[in-house]
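Enquirer: The structure follows.
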Amino acid sequence: MSSLQRILPGAAGGALYDSVASRRIEAEALAGSAEHVLMQRAGQAVVQLALALAPHARRIHVACGPGNNGGDGLVAATLLHGLGKTVEVAWLGDTATVSGDAAWALSVARQAGLSIAAQAAGAAPDLAIDALLGLGGTRAPGGALLDAILRLNALACPRLAVDLPSGLCGDTGRLHGSHAVQASASLSLLTLKPGLFTGQGRDHAGEVWFADLGASAHALQAAPPTARLGDGAAARRLFSPRHHAAHKGSFGDLWVLGGDHGMTGAAVLAARAGLLAGAGRVLVNLLAATGDAGPPSHDALRPELMQRDRAAWQAAGVLEAATLVCGCGGGLAVASVLAEALRRAARLVLDADALNAIAAEPTLAEQLARRGREGRPTVLTPHPLEAARLLGCPTAQIQQDRLAAAQALSGRFGAVVVLKGSGTVVSAPSALAVVNPSGNARLATAGSGDVLAGWLGGLWSRHPAGPVPMEAARQAAEAAVWLHGRAAEIDAPATRAGLPLPASDLLAALPRAVLAS
């Protein structure tokens, strides 16, 4: 039997499989099942979700492609017809060439008396089902397939995608061409595909559901996972009741180095986030305050933040025992301090202008790579443009395959990489990449990344120890990204209204995200 699991929102972690791995698992599942059973289960799962999405729908349109994805749609259409629904099937296959399970599904549908034509001709449906391509889509849809996708998107009713929205790459979350089905919900079959959760996947997949089709554990072992879907487990591990005997020294020192002229707010946001994350002491050196005037006396909103000059962190033994967040609003000035930060910091988070400086200066890039080779933990938090600069490629190339880009960066620099964006990817050397499912476009505001960097640094500062330093860095990164995203989700009315979440308000939402996780 198959069971349905809701994945988004409120995603739980799970394995993600690309198309090659999914096909291997499918082949193993087919070999271990009776004839047509897997397709029957897929059709039943589609019907179950269709009735949940549109329980009162009377007229249902099913767009079926020529392959097995279309076969799944035909089985679902036959079952819905048997339930008394008015079902119209647009089938784009060729009777002379259709074979296997898809041919069987077509025969059963015709025997049931279903209306099957090349394209829709009836009245407006109450629900539409996209069973055009699934994993079979590997290039830009054209001709009749593209016409079918455009017709589906023009319908004023919920749209359910079977396995994948047609036109979306399940491996990467990019579009194969210029159009893909804009689904209200997607039902991923047998395996969860990474493209549903990153790149343009979130915008096209809608609410993601999963049906395992009753596959055996043996079948699922036919291929290793490509990545893992993040969850709140790392965050829950990092936030636990504090021991009564603890003191501020128990939670480490966090230094924030950034904030050049006109950009001091970025460093202040990072420092405030680090304080909220639980660092024992947060010390700030604003690069804009390194002249004769000296540092400001205090942060009026958070006077517990400790303002320091450059000499304070340059003193012997300071950075060697601390977590350092470097780059937030650092401008061009950050390049002058990066070499020392790379050489000395025990735990280093590099963001924004620090990453740009490394991309522009080969000696700094080599110094960063040397940290990785020496096993000294670093976390990089680039957005796609910064990642492109580090890899020396166009930004579009980063977005074409976000998983591969994050893994390339972590491999090159021996660091944990947080590639920000829709479906943030966390990659670490010799570890399975994680695609973060939390968050939404409310985070697309100035300063949101500075808050993430400081929040990550604060989490890492309070839990610096561990037998494997890189693993502690990866766990802090995964937890920070998850909670950062959750903070944007917990105000559901604001999310539905499309209201942005300014970075200063995001700070207030982060503790609420911890309590809600």
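The values are calculated or read from the model by the stated rules, or taken from the named source; none is laboratory data. Bear in mind that the values here come from a model prediction, so they are computed numbers and not experimental data. Here the Cβ positions follow ideal geometry from the backbone for every residue, glycine too, while neighbour counts run over all protein chains shown. Note: areas computed on protein heavy atoms with side chains; ligands, DNA, RNA excluded. Shrake-Rupley method; radii C 1.70, N 1.55, O 1.52, S 1.80 Å.
Enquirer: Residues Leu38, Leu49, Leu30: which one is without any contact (Cβ under 8 Å) to a residue 60 or more places away in the chain and in a helix (DSSP H, G or I)?
Expert: After ruling out the rest, the residue left standing is Leu30.
Enquirer: Only one residue in Val434, Val481 is under 17 Å from the mean Cα position of the chain (by Cα), closer than 13 Å to Ala277 by Cβ, at pLDDT 95 or above and of a type in the set (Val, Ile, Thr). Which one?
Expert: Val481
Enquirer: From the list Ala492, Ala487, Ala476, Ala480, pick out the single residue that is out of contact with any strand residue (DSSP E or B) (no Cβ under 6 Å at 6 or more places or on another chain), crowded, with 24+ Cβ neighbours inside 10 Å and without any contact (Cβ under 8 Å) to a residue 60 or more places away in the chain.
Expert: On inspection, the qualifying residue turns out to be Ala487.
Enquirer: OK, next. Quick one: how many residues across the range 432-472 are open to solvent by less than 40 Å² (accessible area, probe 1.4 Å), assigned to a loop (DSSP other than H, G, I, E, B) and free of Cβ contacts under 8 Å to residues at least 60 places away in the same chain?
Expert: 1
Enquirer: Quick one: would you say Leu409 is free of Cβ contacts under 8 Å to residues at least 40 places away in the same chain, aliphatic (A, V, I, L, M) and open to solvent by less than 10 Å² (accessible area, probe 1.4 Å)?
Expert: yes
Enquirer: Here is a further query. Output the residues belonging to the range 372-398 that are farther than 26 Å from Ala339 by Cα, in contact with a Pro (Cβ under 7 Å, 6 or more places away or on another chain) and surrounded by fewer than 21 Cβ atoms within 10 Å (Cβ to Cβ).
Expert: Once the filter is applied, which keeps residues that are farther than 26 Å from Ala339 by Cα, in contact with a Pro (Cβ under 7 Å, 6 or more places away or on another chain) and surrounded by fewer than 21 Cβ atoms within 10 Å (Cβ to Cβ), the range 372-398 yields only Thr395.
Enquirer: If you don't mind, another one. Look through Ala54, Ala50, Ala45, Ala63 and report the one residue that is surrounded by 18 or more Cβ atoms within 10 Å (Cβ to Cβ), touching a Cys at 6+ places or on another chain (Cβ under 9 Å) and within 22 Å of Val181 (Cβ to Cβ).
Expert: Result: Ala54 is the single residue among Ala54, Ala50, Ala45, Ala63 that is surrounded by 18 or more Cβ atoms within 10 Å (Cβ to Cβ), touching a Cys at 6+ places or on another chain (Cβ under 9 Å) and within 22 Å of Val181 (Cβ to Cβ).
Enquirer: Can you tell me how many residues in the range 372-386 are touching a Leu at 6+ places or on another chain (Cβ under 6 Å) and either modelled with pLDDT under 95 or not in a loop (DSSP other than H, G, I, E, B) (or both)?
Expert: Here the count works out to 3.
Enquirer: Could you tell me which residue of the range 155-202 is surrounded by the fewest Cβ atoms within 10 Å (Cβ to Cβ), considering only residues that are of a type in the set (D, E, K, R) and over 17 Å from the mean Cα position of the chain (by Cα)?
Expert: Applying the filter and picking the extreme gives Arg159.
Enquirer: In contact (Cβ under 8 Å) with a residue 12 or more places away in the chain, assigned to a helix (DSSP H, G or I) and either open to solvent by 20 Å² or more (accessible area, probe 1.4 Å) or not aliphatic (A, V, I, L, M) (or both): which single residue out of Ala354, Ala369, Ala341, Ala359 fits that description?
Expert: So the residue among Ala354, Ala369, Ala341, Ala359 that is in contact (Cβ under 8 Å) with a residue 12 or more places away in the chain, assigned to a helix (DSSP H, G or I) and either open to solvent by 20 Å² or more (accessible area, probe 1.4 Å) or not aliphatic (A, V, I, L, M) (or both) is Ala359.
Enquirer: Among the numbered conditions (1) modelled with pLDDT of 95 or more; (2) of a type outside the set (Phe, Trp, Tyr); (3) surrounded by fewer than 19 Cβ atoms within 10 Å (Cβ to Cβ), tell me where Leu127 comes up short.
Expert: (3)
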